[in-house]
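Novice: My structure is below; once you've seen it, I'll send some questions.
Computed from the coordinates by the stated procedures, all read-outs in this text should not be read as laboratory data. Please read all numbers here as calculations on a predicted model, not as lab measurements. Note: ideal-geometry Cβ built from the backbone for every residue, glycine included; neighbour counts use all protein chains shown.
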Amino acid sequence: MNKKEVVRTLETISLYLEIKGENPFKIAAYRRAAKALEEDVRSMDQIEDVESLPGIGKGTATIINELLKTGESTLLEELKSEIPEGLMELLNIPGLGGKKIASLYKHLHIEDLASLQEACEEEKVQQLPGFGKRTEQNILEAIHEYGEGPERFPISMVIPIVAEIEEQLETIADIEQYSVAGSYRRLQETVKDLDFVIATDNPIKVSEKLTKLRHIRSVVSAGETKVSLEFTYEYPINIDFRLVPAGAFITTLHHFTGSQDHNILMRQLAKKSGEKISEYGIETEDGELLTFESEEQLYRYYNIHYIPPELREGKREIDSFQEKVDLIEASDIKGDLHLHTTWSDGANTLEEMAKAAIEKGYDYIAITDHSQYLKVANGLTREQVIKQREEIKRLNETFTDFTILTGTEMDILPDGSLDYDDELLAGADFVIAAIHSAFSQNKDKIMHRLTNALRNVHVDLIAHPTGRLIGRREGYAVDLDMLIDVAKETNTALELNSNPNRLDLAPEWLKKAQEKGVYLAINTDAHQVKTLNHMQYGITTARKGWIKKETVLNTFSLADLRQHLNKATN
Ligand code: DGT
Ligand code: CA
Ligand code: CA
């Protein structure tokens, strides 16, 4: 377990205790322990004795040590068995926290959404201390909204669901081959439902096994060619499974990957040569049904280069891929230029992040912890920045083919000033500037802040340029055309943040930036070793914007990158 996971578990324990109605001191002890760990600069491995931290007592230390040793907590398991599962689902209702849920449980014996709805309708909830008529009304509305679920799910929400489904499909012996399809495979920002294609000789058995997957809420239909299931995760979500014999796997996968508009283009292509294309295969003029071993082969049949799923949008892809198209690939990436460590709000140390990057085959990384203004993220003071640089220098001496670049993710303050002075910035290899506050300012103010940062000679990159969180937050009022123009003028790069919650900038804007000659950096913004893997979402998003390797700073060799950065700052 890394530190973030331990912290989260401690917070979960305190939440369970609160819902159970335990005494406030006990609840506070777990919150305090979580906070103490979060504020310590070391990673879990480096803390020898957790009890020596202020804020951690004997009791919480025991829990932490158990978590580190076994990955589990007996206390949490116990609490989970004591408290009705349906009660935890109430946490998804806005306005309901541990305290309120505890009161509902204790006084009205509410155990799940259904009993809460009933109590609201009977106007019992408004009589509880701290609730009132208005709150009751809000809860009722929120329950209705939750039941309907969002129309589309942000991609980050379904990534773990796809992983869990795939893990289970692996264990079904009668499945010969499977793949996720639909909008997920095309990496759309949001998806309506999930689609899988499965090759099997035994559809009856597979169909039956599918209806026993974890988290199923209801079986919509379970036939021999299609199984449609409703799952319950944070929200109810539908998943369609298509079952086909192995021969039809590729054409079915292609069909259900879509997009619908891409399929229309493919049909027109087939029509030209008197053929018909469908999920079953290509039907030639003399009635023969052709199937394929790979999607490459399928496209080659029509003399087209392989079109990756993320570009199957039904626009110009069929024309463009008549020729070979050279877009950025995962193997082009030589480093990650936006990373956090335990020095600010990351879960892993400098050394751990570097080691993981070396294992990924990178040549360099930039360590860009938060700056002093961002107190919630433990931003670094001027002195800490200097100390960190010394640490990086020391570490760099231990590497042969790898370099840590010193850097910062510096806040652009609400008034447009920068969080560090020029003298300090001049000593960094890579300076990121970013907005993390005062999101509601008008466009003029936001652009004043961003252009101020762009015009500073030391700033090399603007991180997550719009500040959006897909499906959750729009971001601030940025004029992207202007941002791109000023980025060009000042030779400042713009980020494609690979975190699947962000994917910021979006493909259409990446394309515009590239057209205007603005450099990009595809970064993970990882706060722990695990999320260095988010790079894949960045690469795919870049390809959606038709981005070439040459546009992307972190495909450069270290020498070229250094040269470019000097040119940019002189
Ligand atoms: P979504 O679910 O709205 O996020 O987007 P998709 O693309 O996953 O759409 P979905 O689940 O309705 O269908 C999956 C794929 O199946 C779709 O991309 C193309 C194919 N497909 C489904 N219905 C049709 C159709 O009526 N015509 C054509 N040409 N293709 C279809
Ligand atoms: Ca779908
Ligand atoms: Ca579907």
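Novice: How far apart, in nanometres, would the label points at Asp319 and Ile204 be if each is projected 7 angstrom from Cα along the Cα-to-Cβ direction?
Specialist: Modelled inter-label distance: 5.2 nm.
Novice: How would region 482-547 be classified by its alpha-carbon gyration tensor: rounded, prolate or oblate, with rounded meaning a/c under 1.5 and the a/b versus b/c comparison settling the rest?
Specialist: Cα axes put region 482-547 in the prolate bin.
Novice: Determine the relative contact order of the chain: mean sequence separation of Cα pairs under 8 Å and six or more apart, normalised by residue count, in whole percent.
Specialist: 9 percent.
Novice: Something else about it: For the chain, give me the percentage of DSSP beta bridges that are antiparallel, rounded to the nearest 5 percent.
Specialist: Given both bridge residues lie in the chain, the antiparallel proportion sits at roughly 45 percent.
Novice: Right, next: Per residue of region 271-278, what does 6.51 cos²θ - 1.76 cosθ + 1.60 with θ = phi - 60° give for ³J(HN,Hα)? Whole Hz please, x for Gly and Pro, Karplus curve as stated.
Specialist: The phi angles translate into 4, 4, 9, x, 10, 10, 10, 8 Hz.
Novice: Once Lys and Arg get +1 and Asp and Glu get -1 on their Cβ, which of Ile139, Met157, Leu210 lies farthest toward the positive end of the dipole of region 126-230?
Specialist: Ile139
Novice: Separation of region 258-334 and region 480-499 by C-alpha centroid, Å?
Specialist: Centre-to-centre distance over Cα atoms comes out at 33 Å.
Novice: Rounded to two decimal places and with Rh computed the Kirkwood way over Cα pairs, what is Rg over Rh for the chain?
Specialist: Working: Rg = 26.6 Å, Rh = 26.7 Å.
Using Cα coordinates only, the ratio equals 1.00.
Novice: Would you check region 62-150 for Lys pairs whose C-alpha atoms are within less than 26 Å, ignoring same-chain pairs closer than 8 in sequence, and give me the count?
Specialist: So the count works out to 11.
Novice: Kirkwood-based Rg over Rh for region 415-570 (C-alpha set), two decimals? Don't skip to the answer; put the middle values down first.
Specialist: On the way: Rg = 14.7 Å, Rh = 15.7 Å.
So for region 415-570, dividing Rg by the Kirkwood Rh gives 0.94.
Novice: What's the FRET efficiency of Arg42 with Glu329 using the Cβ-Cβ distance as r and R₀ = 30 Å, to the nearest 0.05?
Specialist: On the way: r = 37 Å, r/R0 = 1.23.
Working from the Cβ atoms, E equals 0.20.
Novice: Could you give the C-alpha radius of gyration of region 150-291 expressed as a fraction of 2.2 N^0.38 Å, taking N as the number of residues it contains?
Specialist: Cα Rg divided by the expected 2.2 N^0.38 Å: 1.10.
Novice: Among 231-242, 446-457, how do they line up by average Cβ neighbours within 10 Å per residue, starting with the highest?
Specialist: Per-residue Cβ counts within 10 Å, averaged per peptide and sorted highest first, yield 446-457, 231-242.
Novice: Would you work out which of Tyr519, Tyr306, Ser273 lies farthest towards the positive end of the dipole of the chain? Charges go on Cβ: Lys and Arg +1, Asp and Glu -1.
Specialist: My answer, from the dipole projection, is Tyr519.
Novice: Please work out how much length the chain gains when fully extended from Ala477 to Glu293, using 0.36 nm per residue of separation minus the C-alpha to C-alpha distance, in nm with one decimal.
Specialist: Between Ala477 and Glu293, full extension yields 61.4 nm more.
Novice: Please work out how much length the chain gains when fully extended from Ala559 to Asp49, using 0.36 nm per residue of separation minus the C-alpha to C-alpha distance, in nm with one decimal.
Specialist: Answer, rounded to one decimal: 179.3 nm.
Novice: How big is the gap, in Å, between the Cα center of region 56-90 and the Cα center of region 376-408?
Specialist: About 36 Å separates the Cα centre of region 56-90 from the one of region 376-408.
Novice: Using the Cα centre of region 452-570 as the reference point, and only Cβ charges (+1 on K/R, -1 on D/E), how large is the resulting charge dipole? Debye, rounded to the nearest 20.
Specialist: My answer is approximately 320 debye.
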